[in-house]
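The values are calculated or read from the model by the stated rules, or taken from the named source; none is laboratory data. In this text, all values refer to a predicted model and were calculated from it rather than measured experimentally. No Cβ is skipped: glycine too gets one built from the backbone with ideal geometry, and neighbour counts run over all protein chains shown. Just so you know, the surface numbers come from the protein's heavy atoms only, side chains and all, with ligands and any DNA or RNA stripped out. Shrake-Rupley method; radii C 1.70, N 1.55, O 1.52, S 1.80 Å.
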Amino acid sequence: MTQADLSTHWAGVSLSSCIVNASGAWCSTFAELMDLTESTSGAVLTKSATLYPRKGNLEPRYFQWTYGSINSMGLPNLGIDFYLDFIRSQGAKKPIFLSLAAMNPEELSKLLQRLRKLDFPVVTELNLSCPNLIGKPQLAYDFSCVEEILKKVFDFYEFPLGVKLPPYFDTIHFEEMAELLNCFPLKFVTCINSPGNALFVDPQTESVVIKPKEGFGGIGGPCIKPIALANVNKFFKLLKSDIQLIGCGGVSSGQDIFEHILCGASLVQVGTQLMKEGPGVFERLQEELCVILDRKSYTSIEEFRGKLKSLG
Ligand code: HRO
């Protein structure tokens, strides 16, 4: 078997593999980030960082079953300074990308000012879609708010930046959001964050399974793959060609990654399956993807990326 080339680029940075962690999965603490650094993932992406550390929502706040996971973590993280120190301490071992979340525009502006002062550029995924902040809506469902935020950001900020979106379900929303995003020098768009405010019911106990928000939370895992693929493919078709698509949602096998790339993703993130299987998941997924590429005589992901066929 020849070994297919799984390398890619993310916001201009070369990665040896197109498979990375999703922000939030195994990337909050020093130990978790070290595990990812030592794994075969193409890069490390941090938990969404806020200006100050946050404890997040009450536990239990994560639950998984065969077809998915539900979470209402509430953005627990160690704060921007911790994640920047981690990136600094790791040097050039493996590309490390920063996920950023802000509770309000002032906090976002302070976070970006902090990044601007660094003597190295940090590629940043701006999380516009956390579904679990009690009393706060998901930013990216408010289109004028997204426009306002991006105008403020690109007024002064020049390091590479992309955004993570929630899933959309209507053609007009895909079109309006793409039109808006096309006005800004974004490097990438990540589709999708967990579909929010879902409910898992345990019929045995006749109860919800997580404590915050009376059991409502964001869902991940196999059950969201068709929604994720639809969002990747729609935005791949609608966004200008210099905005990369990052696929996230429903990835637990090499075939899932193949499908995301076929829909247009330049790299693919793994969340729920990483939580289930641990960082060894990257090696298995790479092997499974290589077997598929070999069977189809593809030698690199660029040969089939975005080439999903329509029927007639
Ligand atoms: O921490 C969370 O509750 C969380 C975040 Cl920030 C996110 O972006 N997506 C998610 O499913 N959970």
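General remarks:
- 3J(HN,Hα) from dihedral phi, the range 23-29, Karplus parametrisation 6.51/-1.76/1.60, rounded to Hz, x for glycine, proline: 4, x, 9, 6, 8, 9, 9
- Total formal charge among the other residues, if their Cβ is under 14 angstrom from that of residue 109, Lys/Arg +1 and Asp/Glu -1: +2
- Under the criterion of Cα pairs below 8 Å and six or more residues apart, the relative contact order for the range 184-278 equals 30 percent.
- For the range 1-151, the relative contact order is 19 percent, taking Cα pairs closer than 8 Å that sit 6 or more residues apart in sequence and dividing their mean separation by the residue count.
- Sites counted here are trypsin sites (Lys or Arg not before Pro) in a DSSP loop (not H, G, I, E or B) having no more than 12 other Cβ atoms within 10 Å; the longest part of the chain that contains none of them is 118-239.
- Among 124, 190, 66, residue whose mean-square fluctuation peaks in a GNM of the chain (springs only between Cα atoms under 10 Å): 66
- Of the solvent-accessible surface of the chain, computed with a 1.4 Å probe over protein heavy atoms with every protein chain present, carbon and sulfur atoms account for 54 percent.
- Taking every DSSP bridge with both residues inside the chain, close to 35 percent are antiparallel.
- Listed by chain and number, the aspartates and glutamates whose alpha-carbon sits under 19 Å from that of residue 296, ignoring those within fewer than 8 places in the same chain, are 5, 256, 259, 287, 288.
- Extension gain from residue 119 to residue 296, taking 0.36 nm per residue of separation minus the Cα-Cα distance: 59.3 nm
- Solvent exposure, largest accessible area first (probe 1.4 Å, DNA, RNA and ligands not counted), of 15, 139: 139, 15
- Spin-label pair residue 284/residue 207, simplified geometry with 7 Å Cα→Cβ offset, distance in nm: 3.0
- Of the residues 170, 256, 119, the one with the largest accessible area comes first in the ranking 119, 170, 256, computed with a 1.4 Å probe on protein heavy atoms.
- Using the Cβ-Cβ distance between residue 156 and residue 92 with R0 set to 22 Å, the FRET efficiency from 1/(1 + (r/R0)^6) comes to roughly 0.20.
- Above-threshold pairs, the threshold being 20 Å between Cα atoms, out of 47/151; 164/187; 187/240; 187/234; 164/237; 164/225: 47/151
- Per-residue [θ]222 nm for the chain (sum of -39500 (n - 2.57) over DSSP H runs n ≥ 4, rounded to 500): -10000 deg cm²/dmol
- Euclidean distance of C-alpha centroids, the range 284-303 and the range 233-263, integer Å: 16
- The range 80-198: relative contact order as a whole-number percent, Cα under 8 Å and 6+ apart: 25
- Of 301, 224, 149, the one that fluctuates the most in a GNM where the chain has Cα springs shorter than 10 Å: 149
- DSSP loop GluC sites (Glu not before Pro) with at most 14 other Cβ within 10 Å: longest gap in the chain: 1-157
- The accessible area of residue 5, taken with all protein chains in place and a 1.4 Å probe, comes to roughly 70 Å².
- 5 angstrom amide H check on residue 44, placed H, neighbours 5+ away: 96, 97
- Of the chymotrypsin sites (Phe, Trp or Tyr not before Pro) found in the range 51-148, those in coil by DSSP whose Cβ has at most 16 other Cβ atoms within 10 Å are 67.
- Three-way shape label, the chain, alpha-carbon gyration tensor, a/c 1.5: rounded
- For the chain, the solvent-accessible area works out to 45 Å² per residue, with a probe of 1.4 Å and every protein chain left in place.
- Karplus-derived 3J(HN,Hα), 6.51/-1.76/1.60, for each residue of the range 34-44, Hz, glycine and proline x: 5, 4, 5, 4, 8, 7, 8, 4, x, 7, 10
- Near-label residues of the range 202-240 by backbone N, under 18 Å of a point 7 Å along Cα→Cβ of residue 304: 226, 229-230, 232-233
- J(HN,Hα) series, the range 225-241, from Karplus relation 6.51 cos²θ - 1.76 cosθ + 1.60, nearest Hz, glycine and proline x: 4, x, 5, 5, 4, 4, 5, 4, 5, 4, 5, 4, 6, 9, 7, 5, 5
- Comparing 236, 188, 200 in a Gaussian network model of the chain where C-alpha atoms under 10 Å apart are linked, the largest mean-square fluctuation is found at 200.
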